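First up is the structure itself, then whatever we jot down about it.
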Amino acid sequence: MSESSEPRQLENSSARRELIALGLTESDGEIEHFNYRQALELCRLLLSTGHPESVTNFQVPPKLVESLCSIPNSPISLAGDGFIVTLSRQFLSDPASFACSLGVPENVLFEQIKQFMDSEIS
């Protein structure tokens, strides 16, 4: 968990506004893609912090975070008591397939994952 008790912000990301405003009237396919993009944004945040985070450490409703963890092929999932967000098994089993979507070179992504996994062990 984060040393700081303040919620994580989605920094300079346009996805921050999207994560907060989910009152969409788009087609199901567009909503699924939109939700997937939001899950990727939270994945980026996890990789940048280098460790799992509580669902309450994001400046979005915890129910939204929980929902994003449950979408098909989500790069994030809930762990432990269901209140910790971590990298999903899907993501960890094939990170190269997520590299392009995350906009991160594979070698950088692998290093971020290594640091993330090392932080879970310690």
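Using the average count of surrounding beta-carbon atoms within 10 Å as a protection proxy, the listed peptides 104-113, 33-42, 79-88 rank, highest first, as 33-42, 79-88, 104-113. Each principal axis of the range 15-121 carries a Cα extent, and these read 40, 29, 21 Å when sorted largest first. Around the amide H of PHE58, modelled in the peptide plane, lie the amide H atoms of ARG8, all under 5 Å away and 5 or more residues distant in sequence or on another chain.
Values in this text are rule-based calculations from the coordinates and carry no lab data. In this text the structure is predicted, and so the values were computed from the model without any measurement. Methodologically, a virtual Cβ is constructed for each residue, glycine included, from the backbone with ideal geometry; neighbour enumeration extends over all protein chains shown.
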